[in-house]
Every structure is written in C-alpha cells, then in structure tokens.
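No lab work stands behind these numbers, since they all come straight from the coordinates. This one's a predicted model, so the numbers in the text were calculated from it and none came from an experiment. Here the Cβ is made from the backbone with ideal geometry for all residues, glycine too, and neighbour counts use every protein chain on show.
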Amino acid sequence: MIYRRILPEIQSALQRQAAVALMGPRQVGKTTLALTLGNTLPSLYLDLENPADRQKLTEPVLFLSRYEDQLVILDEIHRTPELFQSLRGIIDSGRRAGKRTGRFLLLGSASVDLLRQSGESLAGRIAYVDMSPLDVLEVADDSRKLFDLWIRGGFPDSFLADDNASSLALRRDFIRTYLERDIPIFGPRLPAQTMERLWTMLAHVQGSLLNASRLAASLGVSSQTVTRYIDLLADLLLVRRLAPFHANLGKRLVKSPKVYIRDSGLLHALLDISDYNELAGHPVAGASWEGFVIENILAAAPIRTRASFFRTSAGAEIDLLLRLPGGELWAVEIKNSLSPRLEKGFHLAHADLKPSRSFAVYPGKDRYPLNKNVDAISLLEICTLLAGTGRNTL
C-alpha cells in the first residue's frame, strides 16, 4: 500500500486531537488513505462534493450527533467552510461528555494556511497533516522507478499509468480540472486561458527568482494580479516559493524567492514533455531535477525544518539550505550529472555559512567525497538520512 509512512502520523494525530485535517492537492490519494483508515474502525464517510451528502449536513449538529462513537470523514471540507463553527460546538460538547479525541478526519485540497482562514474556530481542537504526492522513499526501490517518478510525478494515477502517453493525458486532465473547477473556488475568476499561460510561464522559469513584473507584462495584467494568483497556486500546494536565506553576514543577499512547480509530472505536462528522451534535450532539464530533488528532500525532512536557498550579489550560491529543528544547518547542492562538480559560487557560500553537513545530490547511486567537506550522494540516500530524524508535516 502506498503512503505507509504517513498513516501512523494520522493515527497519532487522531489520538491526541478531536479533529485532524489531512491536506494535499486533488488526486494525491487522500480519499484512498482515509477510507483505508476508516476500514479499520467504525467510521462514516461523507463527500462534500456530493449534493446528497451536503444535504445530510443541513442540520449538522442533529445529523452528526447520531455518529458520536464513529470517526466521521469529511472529504473536500473546503467546499463547506460554514461547517467549521458547528464542528467546534460538537467537539466541545463531546469533550464535556468525555469524548476528546478522534472525532473528525477532514480532507481538503488546499494548504494549511488556506484552510485556517475557515478553521480558526477549531484552534486548539485540530491537528494538520500534509499529504504530498508519492516520493522517492515510497516508490524508488530501483533506478527505473526513480526516473518514472521524476518524469511522471508523484500523483498516484499518473505514476501508475500503463505508459507515458496515458500518464501525460491524465496530468493534462488534472490541469484542466484545476483551471476550470478548483481555482475559481478559492479566488476571483481569472480566465482559464490566462491562468494556464501563467502556470506554463512559471514552468518555463522553473527554479528562477520570482519576477512578478516581468510575468505581468507578458500576460497583460498587473503585477498584483500575478502575485495574487501565484499565492493561490502556492496555497493549493501546486507551486513552491523557496525563500532566500537571511542572516547578518555583511553580504548583499538576494531577497526574491525562487519559484518551482512542485510536482515534476505537472511541470512536464505544462511543457508538453512526455518522456525522459524529450526532457534530456529540453532547457528545463536541470531545473526540473532541482525541483524534483527539493520536493523529495522536504517530504523526508523532519517537522519544523526550515528550507531556503542562499545567493549573494557577488555570486555565492547554494541551491538548498536546511535548518533542522535542533539548529543544525545542512547545505545541499543539486547536480543533474553523473560526475558532479562544485562551482566557485558554492565554495564561497560554504565559507560564508560553514554548514554542519554538505552534500551534492546527483542522479547516481554511489556516495563518495567530492572534497573534505562535501559528499556526492544519491537522492534516495539523503532522503533516508533525513527521514531517520523525523517525519515531516510541511
């Protein structure tokens, strides 16, 4: 079964809180996992995209009072934000009656921050767990699966498709669904064609510093509009803005974030790349590998890990910095080459920051020293190292 690593985390959260929100993009597998969990204990499943199930909650307190001794799974909870206030009363009433934990599992296709706008009334009563697409620790027991994961991305249907053409078609359908159904729910209506152009433009500048003004000029809209919709794509867990590292080093540091399409399969679908042969000859190949590595590393990193990148105006640069919960700083350089070489900018940045551990992640399998401070390492091995220090809920 996929997502074995996250299931104990959900079970633990249900043991300590009355409500748990399982957050992740559409089609990432939240429903499958929730139903798997529901089959192990008394439970009720309601799909809030289904009008019949929404009708049952016209009087939520009355209806849910009949299921006090069951786990109630509420799918697509973001579609009924008015329900949160009722859930607060039900939870508080249950606490007074001695039923304190494991009441509700809420599934939503948005980020923690977006859900909290509606869920503030559940403060102190809810735990949040993020469910990312499939990652290298869950599927990559051989190099072929690793490259399939990179090309197709981690959405289960796409990764498990019969062939690359079927996988690409599924991802194109996914993008169309978001453009026409999901994105308009969360923000002011922008024409789907314009939104698709923005999303595609972000794919073309994968891993670059965010320049909202340049994107706005190309689209013929304001920079505020571009920023608002990038915010929305980030809230929907489709885009990552990697923050620049900030420290008092006496250096002129870059202040703009870097932007990535989070799932490599969606990145390739937006660029009409169907297989490794097409990707290898495409200008985005290096940036695609970089984004793929970053997402997998952050999926494996311990909770409360802070991620950033480092760049100065003088050219010092490190692709990814991880500040682990205990304060240890890891430097990660990402190379799409079987013979990785460290550039001058990395050495300058390394001297400035003096990280505790330093790695160059590359597509090979072996681990070996590049110099006395830096090891070349596979993606699977660095994720295994990080996973050994704790499970992430970013």
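The table that follows gives values for the structure above.
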read-out	value
From phi via Karplus (6.51, -1.76, 1.60), per-residue ³J(HN,Hα) for segment 345-357 in Hz, x at Gly/Pro	x, 5, 4, 4, 5, 4, 5, 5, 9, 6, x, 5, 9
Proximal charge balance of residue 288 [Cβ under 15 Å; K/R count +1, D/E count -1]	-2
Debye, to nearest 20: dipole size of segment 1-107, +1 on Lys, Arg Cβ, -1 on Asp, Glu Cβ	380
Note, ³J(HN,Hα) from phi for segment 273-290, Karplus 6.51, -1.76, 1.60, rounded to Hz, x at Gly and Pro	9, 9, 8, 5, 4, 6, 5, 4, x, 9, x, 8, 3, x, 5, 5, 4, 4
Selection from 46, 321, 232, by position along the positive dipole direction of the chain (Cβ)	321
Relative packing of peptides 291-303, 35-47, 205-217 - highest average C-beta neighbours within 10 Å first	291-303, 205-217, 35-47
Table column - 3J(HN,Hα) (Hz), segment 99-107, Karplus curve with 6.51, -1.76, 1.60, x for Gly and Pro	9, 9, 10, x, 8, 9, 10, 9, 10
Contour excess over end-to-end distance, with Cα ends at residue 337 and residue 99 and 0.36 nm allotted per residue	80.1 nm
Principal-axis tilt of helix 223-235 within the chain, Cα atoms, nearest 10 degrees	70
Cα gyration tensor shape for segment 281-357, rounded if a/c is under 1.5, else prolate or oblate	oblate
Between 0 and 90°, nearest 10: helix 83-96 axis offset from the chain longest Cα axis	70
Separation of the residue 180 and residue 15 label points, Cα + 7 Å toward Cβ, nm	4.5
Relative contact order (percent, whole number), segment 7-130, Cα cutoff 8 Å, 6+ residue spacing	43
Modelled FRET efficiency - R0 22 Å, residue 44 with residue 5, Cβ distances, 0.05 increments	0.25
Estimated dipole of the chain in Debye, rounded to 20 [Cβ of Lys and Arg +1, of Asp and Glu -1, Cα centre]	1340
Amide hydrogen neighbours beyond the local backbone of residue 245, cut-off 5 Å, H modeled	309, 310, 311
Neighbourhood net charge (14 Å Cβ-Cβ; Lys/Arg +1, Asp/Glu -1) for residue 323	+3
Placed amide H near residue 17: partners under 5 Å, 5+ positions off or other chain	102
Distant-in-sequence amide H partners of residue 239 (H built 1.01 Å from N, under 5 Å)	234, 262
Equivalent ellipsoid semi-axes - Cα gyration tensor, segment 147-274, angstrom	27, 20, 12
Modelled FRET efficiency - R0 35 Å, residue 70 with residue 356, Cβ distances, 0.05 increments	0.15
Spin-label model distance (nm) - residue 247 vs residue 344, 7 Å beyond Cα toward Cβ	2.2
Mean Cα-pair separation over length for the chain, i.e. relative contact order, pairs under 8 Å, 6 or more apart, %	14
Theoretical gain in end-to-end length, residue 162 to residue 368 [0.36 nm per residue, Cα-Cα removed]	70.6 nm
Cα-based convex hull volume of the chain per residue, rounded to whole Å³	152
With Cα atoms, 0 to 90° folded angle of helix 7-16 axis to the chain main axis	50
Residue 303-residue 204 pseudo-label distance in nm [points 7 Å out on the Cα-to-Cβ vector]	4.2
